[in-house]
Amino acid sequence: MRHFYIFLAIICIVSCKSNGNSSELEKWEEYAGNTTIIRDDFGVPHIYGKTDADAVFGLLFAQCEDDFNRVEQNYIWATGRLAEVDGEEAIYSDLRAQLFMTQEEAIANYEQSPEWLRELCDAFAAGINYYLHTHPEVTPKLFARFEPWMPMYFSEGSIGGDIERISTGKLKAMYEKGISFTESVELELERKEAEVEPQGSNGIAISGELTQSGNAMLLINPHTSFYFRGEVHMVSEEGLNAYGAVTWGQFFIYQGFNEKTGWMHTSTYTDVMDEFIETVIEQDGQLLYQYGEELRPVTVSEITLKYKDGDQVKEKTFPTYSTHHGPVTHMEGERVVASAMMWEPVKALEQSYIRSKQQGYEGFRKMMDIRTNSSNNTVYADAEGNIAYFHGNFIPVRDTLYDYSQPVEGNDPNTDWQGLHSVDENILVLNPPNGWIQNCNSTPYTAALEHSPKKENYPNYMSIDRENFRGIHAIELLRKRKGYTLDSLIKLAYDPYLPAFEALIPDLISAANRAGNQDNEIKEAIEVLTDWDFKTSEESVAMTLAHYYGTAALRWAMTGKMEKRPSELEALSNPSVYISDESMLSLFSMVITNLNTDFGTWKLPWGEVNRYQRLNGDIRQPFDDSKPSIPIGFASGRWGALAAYGARYTNDTKKLYGTRGNSFVAVVEFGEKVKAKSILAGGQSGDPSSPHFDDQALPYAKVQFKDVPFYKEDVLKRAEETYKPGKRK
């Protein structure tokens, strides 16, 4: 009899488990039944769902079809499990992630979310899990199953969110040299001056007063690593109808538009994070930190992380310490430093999603009151004719007696954050009389020229008053122009003039003229630069010379040998202050020699050396000079190119291959019906066998934008495939 009951128990367990799996599968199939994916002639997925949750389900399913590798990779990184894939070298990235939120805390945040948001998170997990269920040939690196709490780790879509400002190098130094609350810890962190493309983006809003149609327009021009976001369209019967760029694995459109409003984010230089130097003592075996006249207990815990070591998975446990300011992330001398930043994942997810459904300025402005979009500025336009610029969103109120650009004393209560500034207190531009707004990661105090906010009206921590050549370029293009169309806005966004070289190159030419006796090769090359109009193109030899000379000159000027290093703008604008005539000519001679060595001639058109190549779907792309590539006439954003195209210099190649800059670009016109054109670097799919892997590469290079099919009738005309998730032929 005993064996009989054991047998019944086993049957019950198996049955219950089977019913549970069956119930989950039924729910996935219910989502799929309510969702239709229409792929247009560029492979862009237009997802139609009965509810918002159905659309989210379809969006994540479609993203996985296009590039599951990137979807999974983003969550491996965000949840702090990178070392399980990449090995111990990634363990401090994982520790950083989990210092701010453990899995238990992520689950708690999910459970405390409003019901509508939990439904979207459930649909997020269901969409990915159903993809894995219907694609057994796909082998995840780590996650065989995705959970609905995972979006709590990845609540906004920036390429460099706030958490990446926490230095893993300093974190590593603190733990590997040993945390001491009584002895000095020397940090010997090497400062690397990389030749990387500056991070940033361009946003331009044009009032209807300056357009041919009388409708407001918006340029959406993020500069990210290529393939960082896909292009999507989400529609539901609950009022969702948004188009734009989505960061792989997220369920909201990060930069884009709906029928009535459009939003473009640029990285902000508003001070949104602070470091508090803590005074910690050990007393009777307990760690306490000074706060005013009291001693408070340090929160002490442990985090255990796994990491791959060959074929084995090992573990390492770290003690962690926190004060009310935040987790301890590094040391300054003999004292620990706690880092404070915005960490409200529920509200951040709410704001990111709600943004895409707003139907006018009033609703958009109210959405901004959530104040969790901490790493971005926002350039805005709408069908009511409004244009606006929000500089930052999450800005703590601080005592202006203290310099928060440096670590402040955590034992002084006066250094604490004193709530948040309201949106009205933040830097805001609305419908300026000049009819345009621009932000190119530049100072907000030139966003609308003479109608811009005034620096003296705001605390210093609200913005760094720092211009760049892209901002200078944009302002000159926008002055006194009108009659804009979508095509003329595209032309403006790809204007080939490079203001940095008009500042830099004349000093080189003057130095050569003063030097007199130069060899014929140098003389000829200087003549090429003398005749140049400072515009980039595929055919320009001068552009090749200027790029390599500018890179060398900037490196020279930024060597750190001076008491105060100049900004890039200052170094390029006043080269003779930082580089002698002799050094200029020596650098230029080196450029000529290197070009001759690498290519057999210095007379090299820019498109011969500046290339686009996509060989496979790897996240870190390989490059090969012997394989096909496409000439690109664009240039680096550091020279003032609005259409930025930046290369990586560690490829073991002679040619330059783009890795970041213009990625998803769109121009939008808001009228009775919204109109838009867009382009995507490469293509929608990460699969080299897909026709949409590189079908936009040549149009991207030639600035041939595609019309966006926003309305259903237009989508159907352009439809290449129509299917239910899991039923694609």
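The single residue among Gly58, Gly43 that is in contact with a strand residue (DSSP E or B) (Cβ under 6 Å, 6 or more places away or on another chain) and in contact (Cβ under 8 Å) with a residue 60 or more places away in the chain turns out to be Gly58.
When we screen Lys677, Lys717 for residues that are closer than 27 Å to Gln212 by Cβ and out of contact with any Lys or Arg (no Cβ under 9 Å at 6 or more places or on another chain), the only hit is Lys717. With the condition kept exactly as written, say whether any residue in region 144-151 is outside any loop (DSSP other than H, G, I, E, B), in contact (Cβ under 8 Å) with a residue 12 or more places away in the chain and farther than 25 Å from Arg728 by Cα. There is at least one residue in region 144-151 that is outside any loop (DSSP other than H, G, I, E, B), in contact (Cβ under 8 Å) with a residue 12 or more places away in the chain and farther than 25 Å from Arg728 by Cα.
A search for C-beta distances below 9 Å between a residue of region 61-79 that is over 15 Å from His135 (Cα atoms) and touching a residue at least 12 places away in the same chain (Cβ under 8 Å) and any residue that is acidic (Asp, Glu) and crowded, with 22+ Cβ neighbours inside 10 Å, counting only pairs 6+ apart in sequence or on different chains, returns Trp77/Asp94; Thr79/Asp94. Of the residues contained in region 409-423, one or more are found to be assigned to a loop (DSSP other than H, G, I, E, B), under 29 Å from Asn215 (Cα atoms) and at pLDDT 95 or above. Filtering region 227-236 down to residues that are in contact with a Ser or Thr (Cβ under 7 Å, 6 or more places away or on another chain) and open to solvent by 10 Å² or more (accessible area, probe 1.4 Å), which residue is nearest to Asp382 (Cα to Cα)? Out of the qualifying residues, it is Ser236.
Per the conditions (1) open to solvent by 40 Å² or more (accessible area, probe 1.4 Å); (2) without any contact (Cβ under 8 Å) to a residue 60 or more places away in the chain; (3) touching a helix residue (DSSP H, G or I) at 6+ places or on another chain (Cβ under 7 Å); (4) within 25 Å of Ser356 (Cα to Cα), the sole criterion not satisfied by Glu115 is (3). If the condition is being in contact with an Asp or Glu (Cβ under 9 Å, 6 or more places away or on another chain) and either part of a loop (DSSP other than H, G, I, E, B) or within 28 Å of His473 (Cα to Cα) (or both), then region 593-603 contributes Trp602, Lys603.
Listed by first and then second residue, the pairs linking a residue in region 167-190 that is β-branched (Val, Ile, Thr) and at pLDDT below 80 to a residue that is open to solvent by 50 Å² or more (accessible area, probe 1.4 Å) and assigned to a helix (DSSP H, G or I), with Cβ atoms under 6 Å apart and 6 or more places separating them unless they lie on different chains, are Val185/Lys177. Within the set Ser405, Ser442, the sole residue that is part of a loop (DSSP other than H, G, I, E, B) and surrounded by 20 or more Cβ atoms within 10 Å (Cβ to Cβ) turns out to be Ser442. Put simply, of Phe143, Phe124 the only residue that is within 19 Å of Glu84 (Cα to Cα) and open to solvent by less than 30 Å² (accessible area, probe 1.4 Å) is Phe143.
Annotation: of all residues in region 624-644 being without any contact (Cβ under 8 Å) to a residue 60 or more places away in the chain and within 20 Å of Met543 (Cβ to Cβ), the one that is farthest from the chain's Cα centre (by Cα) is Asp625. Entry remark, region 296-309: residues being surrounded by fewer than 17 Cβ atoms within 10 Å (Cβ to Cβ) and either of a type in the set (Ser, Thr, Tyr) or more than 32 Å from the chain's Cα centre (by Cα) (or both) number 6 in total. Of the helices (runs of 4 or more DSSP H) contained entirely in region 538-592, those carrying at least 3 residues that are within 19 Å of Ala515 (Cβ to Cβ) fall at 541-557, 575-578.
Would region 514-530 turn up any residue that is surrounded by fewer than 21 Cβ atoms within 10 Å (Cβ to Cβ), out of contact with any helix residue (DSSP H, G or I) (no Cβ under 8 Å at 6 or more places or on another chain) and of a type in the set (Val, Ile, Thr)? No, region 514-530 contains no residue that is surrounded by fewer than 21 Cβ atoms within 10 Å (Cβ to Cβ), out of contact with any helix residue (DSSP H, G or I) (no Cβ under 8 Å at 6 or more places or on another chain) and of a type in the set (Val, Ile, Thr).
When region 673-682 is filtered for residues that are touching a residue at least 40 places away in the same chain (Cβ under 8 Å) and either open to solvent by 10 Å² or more (accessible area, probe 1.4 Å) or among the hydrophobic types (A, V, I, L, M, F, W, C) (or both), the ones remaining, listed by number, are Lys673, Val674, Lys675, Ala676, Lys677, Leu680, Ala681.
The values are calculated or read from the model by the stated rules, or taken from the named source; none is laboratory data. Please read all numbers here as calculations on a predicted model, not as lab measurements. Counting neighbours? That spans all protein chains shown, and the Cβs are built from the backbone with ideal geometry, glycine included. For accessibility, only protein heavy atoms count, side chains too; no ligands or nucleic acids. Shrake-Rupley method; radii C 1.70, N 1.55, O 1.52, S 1.80 Å.
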